[in-house]
Amino acid sequence: MALNKELLDQIIDEKLKPVVKKVDEQAHYAEDYILALSEAGFFQSANKDQSTLLQDEAAVVRETAKVCMTTAFCVWCHLAALTYIRNSHNAYLKQTILHELETGVKLGATGLSNAMKYYSGLEKLHLKAEKTDEGYVINGTLPAVSNLGNRHYFGAVATVDDHEILVLVPTDSKGLDMNERLGFLGVNGSATYSCKFDQVLISNDFVISEDAKEFCDIIRPTFIYYQVPLGAGVIAAAVEGIEKVKAKQNGCNEYLKVQATELRDHYERINAELNNLASNLTLKEIVNTRLQAVHDTLAAVQANMIHNGAAGYVAGSVPSRKLREAYFFANLTPTVRHLEKIKSSFA
């Protein structure tokens, strides 16, 4: 089944565009938009091969990011949770929870920022677990998990004995204390919370993997793949912004070094790389694509600001929002420095 672009555009027009400024300025979480995508079947994996699934879901992230990258980031969080379940060998998760996440009964979040940094030697692991007959009792604090709410699940990696486990955590778990984090330069509407675990019992049914390190190695390329269209969407928005003001001040913008044509080439190259990688996804190639996408996105939003001139510096302007979104994209795990460290291991 091909992606229904017409339906996607309709949902964006009806559920996302009316709340974009509210997301950016009032930390509004566009949960209704993500639920609408779920209910319309945009996260259904049945009868799709892996290549088609990756391309279709990347397109949802990209088209969302053209309008609001904060909400596209939340969509990415949901896709990360789906990736965990789709790759797990836990029958309960695949038979029950996967259906809930794909249809919008529940929404998902990643929760693996700390773990991904831990496995690259950047941080210590924040959670510890103790094995019981019922499952695992977890203690510790994750400083920031995004796309959370009352009907959500998120992944978490915890140390137990001499290894790590990956579990799926329901947000209504007893002993889980969530505190919303605000005050970011951008992405305030990402429903980001610190999550403190105080003797939180996660049953065996919610264990994604008993070997978190091996599992993270498996899902890391897909985890990063779904991030790249965040940047592509922002670049497309920058192209649109530049084209809107090309006649400004008697067409003086034509003398600027970076033009929409160059940025459009970057956008098309990123999409072509994603399409090619969908059928042969490797960590080396997707890390290179993700890293280049960051630099292309930063260049695009800077050009958009310069083309718009003073109007871009008005609070609440689209160019200023895209600028802030791009800086968040650069610092999304894996960050630029994290990506550069991963890249060095390929030499």
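The values are calculated or read from the model by the stated rules, or taken from the named source; none is laboratory data. Just so you know, these numbers come straight off a predicted model, no measurement behind them. Every residue, glycine among them, receives a Cβ derived from its backbone with ideal geometry; neighbour counts consider all protein chains shown. Please note that ligands, DNA and RNA were not included when accessible areas were found on the heavy atoms of the full protein model with its side chains. Shrake-Rupley method; radii C 1.70, N 1.55, O 1.52, S 1.80 Å.
Table for the structure above
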item	result
Breaking point among (1) in a helix (DSSP H, G or I); (2) open to solvent by 10 Å² or more (accessible area, probe 1.4 Å), for VAL301	(2)
Number of positions in the stretch 239-286 that are over 24 Å from LYS66 (Cβ atoms) and among the hydrophobic types (A, V, I, L, M, F, W, C)	2
Test for ALA315: is it at pLDDT below 95, open to solvent by 50 Å² or more (accessible area, probe 1.4 Å) and either outside any helix (DSSP H, G or I) or within 17 Å of GLN227 (Cβ to Cβ) (or both)	yes
Scan of the stretch 304-317 for residues that are within 17 Å of CYS68 (Cβ to Cβ) and in contact with a Gly (Cβ under 6 Å, 6 or more places away or on another chain), ordered by number	ASN304
One residue from ALA212, ALA278, ALA236 being among the small types (Gly, Ala, Ser), closer than 30 Å to HIS126 by Cβ and surrounded by 16 or more Cβ atoms within 10 Å (Cβ to Cβ)	ALA212
Total residues in the stretch 1-57, condition within 17 Å of GLY104 (Cα to Cα) and acidic (Asp, Glu)	4
Subset of the stretch 27-38 [touching a residue at least 60 places away in the same chain (Cβ under 8 Å) and either among the aromatic types (Phe, Trp, Tyr) or touching a Ser or Thr at 6+ places or on another chain (Cβ under 7 Å) (or both)]	TYR29, ALA30, SER38
For LEU53: the one exception among (1) touching a helix residue (DSSP H, G or I) at 6+ places or on another chain (Cβ under 6 Å); (2) not in a loop (DSSP other than H, G, I, E, B)	(1)
The stretch 117-132 - residue that is aliphatic (A, V, I, L, M) and under 21 Å from GLY175 (Cβ atoms) and, of those, surrounded by the fewest Cβ atoms within 10 Å (Cβ to Cβ)	LEU125
The lone exception for ASN150 - which of (1) in contact with a helix residue (DSSP H, G or I) (Cβ under 6 Å, 6 or more places away or on another chain); (2) of a type outside the set (A, V, I, L, M); (3) open to solvent by 20 Å² or more (accessible area, probe 1.4 Å) it fails	(1)
Meets criteria (in contact (Cβ under 8 Å) with a residue 40 or more places away in the chain and crowded, with 21+ Cβ neighbours inside 10 Å) for LEU101	yes
Number of positions in the stretch 99-145 that are polar (S, T, N, Q) and touching a Pro at 6+ places or on another chain (Cβ under 9 Å)	3
Selected residue (criterion: least open to solvent (accessible area, probe 1.4 Å)) from residues of the stretch 23-48 that are among the charged types (D, E, K, R) and at pLDDT 95 or above	GLU31
Residue match in the stretch 60-79 (condition: in contact (Cβ under 8 Å) with a residue 12 or more places away in the chain, under 25 Å from LYS213 (Cβ atoms) and of a type in the set (Lys, Arg))	no
Any hit, the stretch 188-207, residues being modelled with pLDDT under 95 and open to solvent by 10 Å² or more (accessible area, probe 1.4 Å)	yes
Close pairs (7 angstrom Cβ cut-off, 6 or more residues apart or separate chains): at negative phi in the stretch 312-330, surrounded by fewer than 18 Cβ atoms within 10 Å (Cβ to Cβ) and in a helix (DSSP H, G or I) anywhere	SER317/ALA311; SER320/TYR313; ALA330/VAL336
Matching residues in the stretch 276-315 - criterion: being among the basic types (Lys, Arg) and out of contact with any Leu (no Cβ under 7 Å at 6 or more places or on another chain)	LYS284
Flag if GLU340 is part of a helix (DSSP H, G or I), touching a residue at least 24 places away in the same chain (Cβ under 8 Å) and surrounded by fewer than 20 Cβ atoms within 10 Å (Cβ to Cβ)	yes
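So that you can scan it fast, the table gives a plain yes or no per residue for (1) among the basic types (Lys, Arg); (2) closer than 14 Å to VAL169 by Cβ:
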position	(1), (2)
GLY111	no, yes
ALA115	no, yes
GLU134	no, no
ASN139	no, yes
ALA144	no, no
ARG151	yes, yes
